[in-house]
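What follows is a set of notes on a single structure, which appears directly below.
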Protein chains: 2
Amino acid sequence: MDDRAAKDELFDALASVAKVLGSGRRAEIVDVLAQGERAVDEIAQEIGQSVANTSQHLQHLLRSGLVHSRRDGTRIYYRLSGPGVAQLWAAVRLVASDHVAKLNELATAYLGDRSALSTLTRTELRDRMAGGDIVVLDVRPEPEFRSGHIAGAVSVPVKELAERLRELPDGHTVAAYCRGPYCVFADEAVRTLRRHGIPAVRLEDGYPEWEAAGLPVETSASTTPAGTS
Amino acid sequence: MDDRAAKDELFDALASVAKVLGSGRRAEIVDVLAQGERAVDEIAQEIGQSVANTSQHLQHLLRSGLVHSRRDGTRIYYRLSGPGVAQLWAAVRLVASDHVAKLNELATAYLGDRSALSTLTRTELRDRMAGGDIVVLDVRPEPEFRSGHIAGAVSVPVKELAERLRELPDGHTVAAYCRGPYCVFADEAVRTLRRHGIPAVRLEDGYPEWEAAGLPVETSASTTPAGTS
DNA sequence: GAGATAATCAAGTAAGTACTTGAATACTTG
DNA sequence: CAAGTATTCAAGTACTTACTTGATTATCTC
């Protein structure tokens, strides 16, 4: 019965997709690439690994088909090969948050205590934006803002936030967002703003989820029409 | 900066979910458990591995939270820990079919040439069932039928099909279904039926997808009301 | 309680993985 | 074409994984 071997190979091929996501470093890479394409050395810096090691992880992702790459001059830019990849990563996070016992503990160790920070869901934020009483802050690094952001958001990377508080209009609540539910930037931004007496909340998840939900986005170049909610 | 270590641990924990699905054998186990709970030796036989090895894979799945177990007498039954797990497995399959280059080739090697077999989507099948001109055949092993099947389906495991052809009413098309898109049983059933001159098609995916879509199902004991489509 | 069955555990082996270091390649700019 | 930058490749090491075999534990039946 050589059928067994064929079945094994088929399921190995299906599982190869999960296998390649089954490394924390590669998961971080996918989380970053869900914000838009990036060059190798930017990714390496983002995940805190050597360029050589990062390059090898990217080769893995490339071979398994989860990312594509393009060369521009001396730099090589990587991007997710399609929206299904970001959805898969979201499914992984969801199952982990439901079923991995120690996840809350690890999240608190990295993100700090979130219990004091109030959050908005995507639809709540959309409705508040329509009301006009809220300022939306994209606190990710600027290149990520440029490759796509919530329509109407202002870019203030969290590193520059403390110095740029004067730019914020008075009398408005600020809603900060970043990469996703396990991204620190928005938490940090909310804490900074509150320390200065500015009412602030964070978006529950991040930009990729907003985009995937068909809510209105823009890039530095063009503006998309509002999607169906 | 010890923040890096905390971030690494968090993403390792998120990725652990993908890692445990990243073995072809464990993926097969999840595919089987998506049909309902099973005992260790049944699973071992299903995936063609030793009981000891299967048990160890199940321990992995248990530790990572993807499955739960319960003891009944001398047997230990495993089941998926929630609907999110089946959804994750579906997301993995989808990304694989979109982006893994050699997948079609491997699928053909295992499943045979499918080009001659026509398929119905879930909604097409539901509509044909409402019309009453179609017989729906569940060709999975009987225990899987018992733990849940499409409402109105008849159980004829593919191994018994050739001997039970007389049971089928004349003048109807037969729609066969099994575990999912990479399950051979329905393909085999359609080929057998056609060889005997009975018009037959297969459901595009399988029982777990039908159930997840909220379409009407029953178990050997009870019948659920038709869900929203 | 003896015997049978189902599952797990423990130890061993072969193969694979993650990271490091240093060299090689590809392209750009002067 | 020489020098510089971005990336990949190759080789090495420490660690992990998948499977095997044989022994052990848990429960049921008589």
Cβ-derived FRET efficiency at R0 30 Å, A:His196 paired with A:Thr108, nearest 0.05:
0.75
For region B:106-218, what does the relative contact order come out to in percent, with C-alpha contacts under 8 Å and a separation of six or more?
33
Can you list the HN-Hα couplings for region A:55-65, worked out from phi with the Karplus curve (6.51, -1.76, 1.60; θ = phi - 60°), rounded to whole Hz and with x for Gly and Pro?
4, 5, 4, 5, 4, 4, 4, 5, 4, 7, x
Residues listed by number, region B:1-26, amide nitrogen under 15 Å from A:Gln56 label point at 7 Å toward C-beta:
none
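Using the crude model of +1 on Lys and Arg Cβ and -1 on Asp and Glu Cβ, and no other charge, please compute the dipole size for the protein assembly as shown relative to its Cα centre, in debye to 20.
For the protein assembly as shown, the charge dipole is close to 400 debye.
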So, over other residues within a Cβ distance under 11 Å of A:Leu33, counting Lys, Arg +1 and Asp, Glu -1, the net charge is -2
Could you name the lysines in cross-link range of B:Lys7, using Cα to Cα under 21 Å and dropping any fewer than eight places away on the same chain?
A:Lys19, A:Lys102, A:Lys159, B:Lys19
Given a Förster distance of 35 Å, report the FRET efficiency between B:Glu218 and A:Ser118 from their Cβ-Cβ distance, rounded to the nearest 0.05.
0.20
For the B and A pair, go ahead and give the buried accessible area with a 1.4 Å probe, both sides summed, in Å² to 100.
4300
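So for chain B, Kirkwood radius off the Cα pairs, Stokes-Einstein at 20 °C and 1.002 mPa s: how many µm² s⁻¹?
It comes out at roughly 112 µm²/s.
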Looking at region B:89-229, send over the antiparallel percent of its DSSP beta bridges, to the nearest 5.
20
What's the whole-number percent of alpha carbon pairs in region B:128-229 lying beyond 21 angstrom?
28
Minimum 20 Å² accessible area buried by the other protein chains, region B:1-15 residues, probe 1.4 Å, relative to alone
B:Asp3, B:Arg4, B:Ala6, B:Lys7, B:Asp8, B:Glu9, B:Leu10, B:Phe11, B:Asp12, B:Ala13, B:Leu14, B:Ala15
If you average the sequence gap of Cα pairs under 8 Å that are 6 or more apart and divide by the length of chain A, what percent do you get for the contact order?
17
Amide H contacts of A:Ser155 (H built 1.01 Å from N, under 5 Å, at least 5 apart or other chain)
A:Asp138
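Placing unit charges on C-beta atoms (Lys and Arg positive, Asp and Glu negative, everything else neutral), compute the dipole magnitude of chain B about its Cα centre in debye, rounded to 20. Write down the numbers at each step before the final one.
Details: 27 positive and 32 negative charges, 53 e Å.
Rounded to the nearest 20 debye, it is 260 debye.
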Averaged per residue, the 1.4 Å probe accessible area of chain A, protein heavy atoms only, in Å², is roughly 46
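Share of antiparallel DSSP beta bridges in the protein assembly as shown, in percent to the nearest 5? Write out the running numbers ahead of the final one.
Details: 22 of 48 bridges.
So the antiparallel bridges in the protein assembly as shown amount to around 45 percent.
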Once you put a point 7 Å from the Cα of A:Glu204 and another 7 Å from the Cα of B:Glu204, both along the Cβ direction, what distance in nm separates them?
2.9
Portion, in percent, of the accessible area of region B:24-143 that falls on carbon or sulfur, probe 1.4 Å:
49
Tell me, what is the FRET efficiency for A:Ile76 and B:Asp72 to the nearest 0.05, using R0 = 51 angstrom and their Cβ-Cβ distance as r?
0.35
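The values are calculated or read from the model by the stated rules, or taken from the named source; none is laboratory data. Everything numeric here is computed off the predicted structure, so don't read it as measured data. As a convention, Cβ positions derive from the backbone with ideal geometry for all residues, glycine included, and neighbour counts pool all protein chains shown. The protein model used for the area step is the full one, side chains on, heavy atoms only, and it has no ligands, DNA or RNA in it. Shrake-Rupley method; radii C 1.70, N 1.55, O 1.52, S 1.80 Å.
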